[in-house]
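To start, the structure under review is shown below, and the notes come after it.
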Amino acid sequence: MRRFLVTGGAGFIGSNFVRMVLSEHADALIVNLDKLTYAGNLENLAEFLEHQNHKFVRGDICDAALVDQVIDEHQIDTIVNFAAESHVDRSITGPKAFIEANVTGTLTLLEAARDKDMERFVQISTDEVYGSLGPEGKFTEQTPLSPNSPYSASKAAADHLVRAFGHTWGVKYNITRCSNNYGPYQFPEKLIPLMINNALGDKDLPVYGDGLYVRDWLYVYDHCTAIWQVLQKAPPGEIYNIGGCNEKANLEVINLILDRLDKPKSLIKHVADRPGHDRRYAIDASKAINELDWKPSVSFEQGINKTIDWYLQNREWLENIVSGDYQKYYQSMYENR
Ligand code: NAD
Ligand code: DAU
């Protein structure tokens, strides 16, 4: 049995990964270490909390003693590091938390992986480390890192540390760099769930700038299967871009959501742009597709329909989030925009 320490497994992608592994792979133990920040939510894993192959531990990846203890107690052989502060807008209003979780946290895990001679350390990174594209071209694994936001700078710093631990101490690592994920359990601060939530409540949809910024969307389950394939097939030291080949301008996505929910376009409201807003991301995922025997299972049209259906069927999950501190966040972020 392979024994994983999954960090950030109560967040959006982490919980989808835990669900996929426990549902589809009986020979895997997951110890899920999550601090339960505003973005961590045990409701995401309600039906798996008592699963015999899943142990949840509330804690911080910066806590070296706890990390050591968890690894020893459960004889962990592989770390998959999802834990991070993940929202670009929050990194602009408060960058410090991003350095702590994304840089110091990754460093702490790397030291444990090195000292305990782990079989593999997988760092879940992002395409944002490459910076922004013009109208043409795609990010490959050779694209130089050129992060533009405090969030992406902290993720790039973590990627450099991972590589340096491989180079200096022989830590066996992989880095995955994924494009924008969407799907069930995404916190409604990110574009797609925020727009679904606002449209359901007949609230304005705040579009930054001209709304023609382009993201390359990947259904979260397909990201999770790609990570699983990395764990099965990737040689140490390899980096993989993961993307769905679904480039869409933000307004295109928002219009689609409004159409599906039968809501008027008059809800769209252009607001002040995000400072330093990256214009376009697009991923060349051919290395992952060719070397990992992986491909996305759904088109964007199928994925967005599944996602909207999920949010419609899980209004309580959304309302539990939106009724709490989220109200204050939403006010401070959008009130005077
Ligand atoms: P998320 O914000 O939904 O979840 C992050 C999780 O990490 C939460 O459960 C939170 O409680 C936990 N966490 C934060 N700081 C922690 C700490 N110090 N110790 C332990 N746990 C901590 O994020 P997400 O969207 O699921 O992203 C997961 C990872 O994937 C991140 O590393 C992110 O950079 C990367 N990523 C995200 C996307 C995307 O589109 N969402 C795309 C590419 C890469
Ligand atoms: O590319 C991968 C990255 O995708 C991940 O590394 C990040 O963790 C994840 O948050 C995401 O970053 P983005 O900044 O691209 O995602 P976000 O959902 O915040 O924004 C998507 C686009 O929508 C972006 O162009 C900004 C725009 N936007 C966003 C919000 C929240 C709006 O126009 N209005 C909004 O209210």
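Throughout, read-outs are computed from the coordinates displayed, never taken from laboratory work. Not measured: the values here are computed from a predicted model. Note: ideal-geometry Cβ built from the backbone for every residue, glycine included; neighbour counts use all protein chains shown.
When the scattering of region 198-259 is computed by the Debye formula from its Cα atoms alone, each counted once and equally, what is log10 I(q)/I(0) at q = 0.30 Å⁻¹?
-1.23
Sorted from largest down, give the three principal axis spans of the alpha carbons of region 166-323, whole angstrom values.
54, 34, 28
Which aspartates and glutamates, on any chain, are close to Lys172 with Cα under 13 Å apart, when same-chain ones fewer than 8 places away are left out?
Partners within reach: Asp77, Glu111, Asp115, Asp117, Glu119, Glu238.
Sort 50-63, 31-44 by packing, meaning the average of other beta carbons within 10 Å per residue, with the highest value first.
Numbers: 50-63: 16.4, 31-44: 20.4.
Ranked by mean Cβ neighbours within 10 Å, highest first: 31-44, 50-63.
Summing +1 for each Lys or Arg and -1 for each Asp or Glu, what net charge is found among the other residues whose Cβ lies under 10 Å from the Cβ of Lys287?
Working: positive: none; negative: Glu141, Glu238, Asp284, Glu291.
Once positives and negatives cancel, what remains is -4.
Which of Lys265/Lys295; Lys55/Lys263; Lys96/Lys269; Lys138/Lys269; Lys116/Lys306; Lys155/Lys233 have a Cα-Cα distance over 32 Å?
Details: Lys265/Lys295 34 Å; Lys55/Lys263 42 Å; Lys96/Lys269 30 Å; Lys138/Lys269 30 Å; Lys116/Lys306 41 Å; Lys155/Lys233 24 Å.
Violating the 32 Å limit, Cα to Cα: Lys265/Lys295; Lys55/Lys263; Lys116/Lys306.
By how many nm would the segment from Gln75 to Ser332 lengthen if fully extended, with 0.36 nm per residue of separation less the alpha-carbon distance? Walk me through the intermediate numbers first.
Working: separation 257, 0.36 × 257 = 92.52 nm, distance 4.40 nm.
Computed gain between Gln75 and Ser332 is 88.1 nm.
Relative contact order of region 64-222: what whole-number percent is it, with Cα pairs under 8 angstrom and at least 6 residues apart?
Values: 194 pairs, mean separation 37.9, N = 159.
Relative contact order for region 64-222 comes out at 24 percent.
Tell me the net charge near His223. Cut-off is 13 Å between Cβ atoms, His223 excluded, with +1 for each Lys or Arg and -1 for each Asp or Glu.
Values: positive: Arg19, Arg177, Lys295; negative: Asp127, Asp216, Asp222.
Cβ neighbours under 13 Å give a net charge of 0.
Could you pull out every residue, at least 5 positions away or on a different chain, whose amide H is within less than 5 Å of the one on Tyr208? Hs are placed 1.01 Å off N in the peptide plane, and Pro or chain starts have none.
Under 5 Å from the amide H of Tyr208: Val271.
For region 237-337, taking Cα atoms only, what is the radius of gyration to one decimal and the Dmax to the nearest whole Å?
Answer for region 237-337, Rg first and Dmax second: 17.6, 50 Å.
Could you work out how much longer the chain between Asp210 and Lys96 gets when fully extended? Use 0.36 nm per residue separation minus the Cα distance between them, nm to one decimal. Present the calculation step by step, with values, prior to reporting the outcome.
Details: separation 114, 0.36 × 114 = 41.04 nm, distance 2.92 nm.
Full-extension gain reported as 38.1 nm.
Taking only the alpha-carbon atoms of region 105-213, what semi-axes of the equivalent ellipsoid follow from 5 times the gyration tensor eigenvalues under a square root, in whole Å, largest first? Let's see the in-between values first.
Working: eigenvalues 223, 66, 23 Å².
Value: 33, 18, 11 Å, ordered largest first.
Please state, as a whole number in µm²/s, the translational diffusion coefficient that the Stokes-Einstein equation yields for the chain at 4 °C and 1.567 mPa s, with Rh defined as the Kirkwood radius across alpha carbon pairs. Don't jump to the answer; show the numbers that get you there.
Numbers: Rh = 20.2 Å.
Stokes-Einstein gives a translational diffusion coefficient of 64 µm²/s.
Once you keep just the Cα pairs under 8 angstrom separated by 6 or more residues, what percentage relative contact order results for region 241-337? Let's see the in-between values first.
Numbers: 33 pairs, mean separation 38.1, N = 97.
Here the relative contact order equals 39 percent.
For region 169-232, I need the span (max minus min coordinate) of the C-alpha atoms along each principal axis, in Å, sorted largest to smallest.
In descending order, the Cα extents are 52, 24, 19 Å.
5 Å is the cut-off here: which amide hydrogens, built 1.01 Å from N in the peptide plane, fall below it relative to Arg280, excluding neighbours closer than 5 in sequence?
The answer is Leu133, Val214.
Percentage of Cα-Cα pair distances in region 30-117 greater than 23 Å, rounded to whole percent? Mind showing how you got there, number by number?
Numbers: 1031 of 3828 pairs.
When every Cα pair of region 30-117 is considered, 27 percent fall beyond 23 Å.
Show me 12-19, 247-254 ranked by packing, highest mean number of other Cβ atoms within 10 Å first. Intermediate results must be reported in sequence, preceding the final value.
On the way: 12-19: 25.5, 247-254: 18.4.
Sorting 12-19, 247-254 by mean packing, highest first, produces 12-19, 247-254.
Please work out the Cα center distance from region 163-199 to region 228-271, rounded to the nearest Å.
Taking the Cα centre of each part, region 163-199 and region 228-271 sit 12 Å apart.
At a threshold of 8 angstrom on Cα-Cα distance, excluding pairs fewer than six apart, so keeping six or more, what relative contact order does the chain reach in percent?
17 percent
Charges only on Cβ, +1 for Lys and Arg, -1 for Asp and Glu: so what's the dipole of region 247-294 about the Cα centre, in debye to the nearest 20?
Details: 9 positive and 9 negative charges, 76 e Å.
The calculated dipole for region 247-294 is roughly 360 debye.
Indicate, rounded to the nearest 5 percent, the antiparallel portion of the DSSP beta bridges found entirely in the chain.
Details: 3 of 41 bridges.
So the antiparallel bridges amount to about 5 percent of the total.
Under the 0.36 nm per residue contour assumption, what length would be gained going from the current alpha-carbon distance of Asp115 and Asp273 to full extension?
Working: separation 158, 0.36 × 158 = 56.88 nm, distance 4.48 nm.
Gain on extension, Asp115 to Asp273, equals 52.4 nm.
Once the other residues with Cβ under 11 Å from the Cβ of Thr104 are scored (Lys, Arg +1; Asp, Glu -1), what is the net sum?
Values: positive: Lys96; negative: Asp60, Asp63, Glu100, Glu111.
So the surrounding residues net to -3.
Applying 1/(1 + (r/R0)^6) with R0 = 30 Å to the Cβ-Cβ distance of Met1 and Leu36, what FRET efficiency is obtained, to the nearest 0.05? Before the final figure, lay out each step's value.
Values: r = 27 Å, r/R0 = 0.89.
Step by step, r from the Cβ atoms, then E = 0.65.
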